[in-house]
Amino acid sequence: MPSVLPDGEPVPEDGSLPPSALDGRAERPLGFYLHVPYCATRCGYCDFNTYTATELRGSGGVLASRDNYAATLADEVRLARKVLGDDPRPVRTVFVGGGTPTLLAAEDLVRMLGAVRDEFGLADDAEITTEANPESVDPAYLAALREGGFNRISFGMQSARRHVLKVLDRTHTPGRPEACVAEARAAGFDHVNLDLIYGTPGESDDDWRASLDAAIGAGPDHVSAYALIVEEGTGLARRIRRGEVPMTDDDVHADRYLIADSVLAEAGFHWYEVSNWAASEAGRCLHNELYWRGADWWGAGPGAHSHVGGVRWWNVKHPGAYAAALAEGRSPGAGREVLTEEDRRVERVLLELRLRDGIPLSLLRPAGLSAAERAAGEGLLETGPYAEGRAVLTLRGRLLADAVVRDLVD
Ligand SMILES: C[S@@+](CC[C@H](N)C(=O)[O-])C[C@H]1O[C@@H](n2cnc3c(N)ncnc32)[C@H](O)[C@@H]1O
Ligand code: SF4
């Protein structure tokens, strides 16, 4: 089952925020994340907050059902409107993620988006994304999303190799994600992303190259490539512990990252975050940039996290408990924390150092500055920007990003 939520102070029943959270908000963009907590089957590597029909049976009753979900989520968007009041900002990004959003009818996703539009208004150039599983869409579905206002779509491709997809428990066939890109383009989507995973047990360098080639050949304008994380408590972790599949070591992950960066760069994709490459400036995912740059976003749905003006909160995880709270007119918030100046500084280092622009050295404290000097000397930070007062990861620095971030944050 999904991992546990952090502790924190309770969220008031009406979801209200400390007034300080709304100070200066006109200067910060606002985004919405809408979570869809359902999947047809659970992939053995995944610990996201998502539930199969079997997992939901007997818990949560009709409230937790997929049929009511769009209406329930719209209730939370209306609560957001009450909490944020007369917010002067039209919404800049909406991102529907999961779970498998495309297990719901396209009309449900459009209805969820409509709730945001009705309550807040959307910016003229708003980026409206949904994640989609390749096996759960067809041309008519994609056309309905496009007509309903979605302009970006992100497919979970993961690999082009059948044996790799099998270890990951993915149910789509090789070739289907590439066909999805063509169908999305035909439906009029401006922006299409493919998610890939590298370092799956049994994957070779050639398998990984084949996946990258297939992804690029399909013509997306964005590719995300993630090292497979073996999360505690997942089916994959148990299989590795039992010795049924081997664990991938860090050197293999590093080699695969280098392959990804060189193949993608060759094809005209530039990295703008350690795990994300875009074919143009317009191809970058603005919604993720809101997260990485500490903007305001409201995460609606079970287990979703939000951040407004230095207050971070998270919702109850179970779809039944989530729907019950909203049905009783209560906030589904399970806990929250008010970030201190130091928390916000640490967060900026953790997230922004992974971006192509890096961070100003002025964000660092003395120990972090010494670590930055060492990292620059070891070729982990670009020397040009360093001389001008910025810490920007080199390619080798990106390979060791987690360690560099840990050192610089002190
Ligand atoms: C949680 S999924 C939701 C979207 C959709 N259901 C799917 O699977 O494509 C979003 C992305 O997270 C990535 N992901 C999930 N679990 C991961 C893990 N343990 N290690 C690396 N990437 C992971 C996958 O690339 C996936 O496409
Ligand atoms: S389809 Fe996506 S969200 Fe669902 S279990 Fe698989 S990886 Fe997780």
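Rank the residues Glu232, Glu135, Glu273 as a footprinting-exposure proxy: fewest other Cβ atoms within 10 Å of their Cβ go first. The partial results should precede the final answer.
Details: Glu232 9, Glu135 17, Glu273 21.
Fewest to most other Cβ atoms nearby, the residues stand as Glu232, Glu135, Glu273.
Would you mind telling me which residue in Leu56, Leu73, Leu122 has the biggest mean-square fluctuation in a Gaussian network model of the chain, where springs connect alpha carbons within a distance under 10 angstrom?
Of Leu56, Leu73, Leu122, the Gaussian network model singles out Leu56 as fluctuating most.
Between Pro101, Pro134, Pro12, find the one with the highest GNM mean-square fluctuation for the chain; connect C-alpha pairs within less than 10 Å.
Largest GNM mean-square fluctuation: Pro12.
Count charges around Leu79 for me, please; just the other residues with Cβ under 10 Å from its Cβ, Lys/Arg as +1, Asp/Glu as -1.
Values: positive: Arg78, Arg81, Lys82, Arg330; negative: Asp14, Asp75, Glu76, Glu119.
Result for the local shell: 0.
Arranged by the count of other C-beta atoms within 10 angstrom, fewest first, what order do Thr200, Thr173, Thr234 take?
Working: Thr200 25, Thr173 12, Thr234 20.
Placing the least packed residue first, the sequence is Thr173, Thr234, Thr200.
Sort Lys317, Lys82 by Cβ crowding within 10 Å, fewest neighbours at the top. The partial results should precede the final answer.
On the way: Lys317 20, Lys82 12.
So the ranking, lowest neighbour count to highest, is Lys82, Lys317.
Using the alpha carbon gyration tensor of the range 340-410, what are the three equivalent-ellipsoid semi-axes (square root of 5 times each eigenvalue), largest first, in whole Å?
Details: eigenvalues 59, 29, 24 Å².
Gyration-tensor ellipsoid for the range 340-410: 17, 12, 11 Å.
Measuring from the lowest to the highest alpha carbon on each principal axis, how far does the range 193-290 reach, largest first, in angstroms?
45, 31, 22
Taking a cut-off of 20 Å, what percent of all Cα-Cα pairs in the range 16-89 are separated by more than that? Display every interim value, and only then the final one.
Working: 1339 of 2701 pairs.
Every Cα pair in the range 16-89 considered, those over 20 Å come to 50 percent.
Taking Cα centroids, how far is the range 197-270 from the range 348-368 in Å?
27
So what's the gap between the Cα centers of the range 284-342 and the range 103-146, to the nearest angstrom?
A separation of 20 Å, based on Cα centres.
What are the semi-axes of the equivalent ellipsoid of the range 253-361, taken as the square roots of 5 times the eigenvalues of the Cα gyration tensor, listed largest first and rounded to whole Å?
Details: eigenvalues 226, 67, 29 Å².
The three semi-axes for the range 253-361 are 34, 18, 12 Å.
Within 12 Å, Cβ to Cβ, of Ser370, how many net charges do the neighbouring residues add up to if Lys/Arg are +1 and Asp/Glu are -1? Before the final figure, lay out the partial values.
Numbers: positive: Arg365, Arg374; negative: Glu373, Asp407, Asp410.
With Lys, Arg at +1 and Asp, Glu at -1, the net is -1.
What share of Cα pairs, in percent, lie more than 20 angstrom apart in the range 34-182? Write out the running numbers ahead of the final one.
Details: 5794 of 11026 pairs.
Across the range 34-182, Cα pairs with separations above 20 Å total 53 percent.
According to the Cα gyration tensor, what semi-axes, each the square root of 5 times an eigenvalue, does the equivalent ellipsoid of the range 19-292 have, listed from largest to smallest in whole Å?
Equivalent ellipsoid of the range 19-292: 31, 23, 18 Å, largest first.
I'd like to know how the range 142-218 sits against the 2.2 N^0.38 Å rule of thumb: what's its Cα Rg over that expected value?
1.16
Which value in deg cm²/dmol, rounded to the nearest 500, describes the helix-derived mean residue ellipticity at 222 nm for the chain, given -39,500 (n - 2.57) per DSSP H run of n ≥ 4 and division by the residue count? Don't skip to the end; give the middle numbers.
Details: 16 runs with 158 residues, N = 410.
About -11500 deg cm²/dmol.
Let me know the whole percent of all Cα-Cα pairs from the range 197-244 that are separated by more than 15 Å.
Every Cα pair in the range 197-244 considered, those over 15 Å come to 55 percent.
How much net charge surrounds Tyr69 when only other residues with a Cβ under 13 Å from its Cβ are counted (Lys, Arg +1; Asp, Glu -1)?
On the way: positive: Arg66, Arg111; negative: Asp67, Asp75, Glu76, Glu107, Asp108.
Neighbour charge sum, excluding Tyr69 itself: -3.
Where a number appears in this text, it was derived from the coordinates with a stated rule and is not lab data. Everything numeric in this text was worked out from a predicted model, so none of it was measured. Methodologically, a virtual Cβ is constructed for each residue, glycine included, from the backbone with ideal geometry; neighbour enumeration extends over all protein chains shown.
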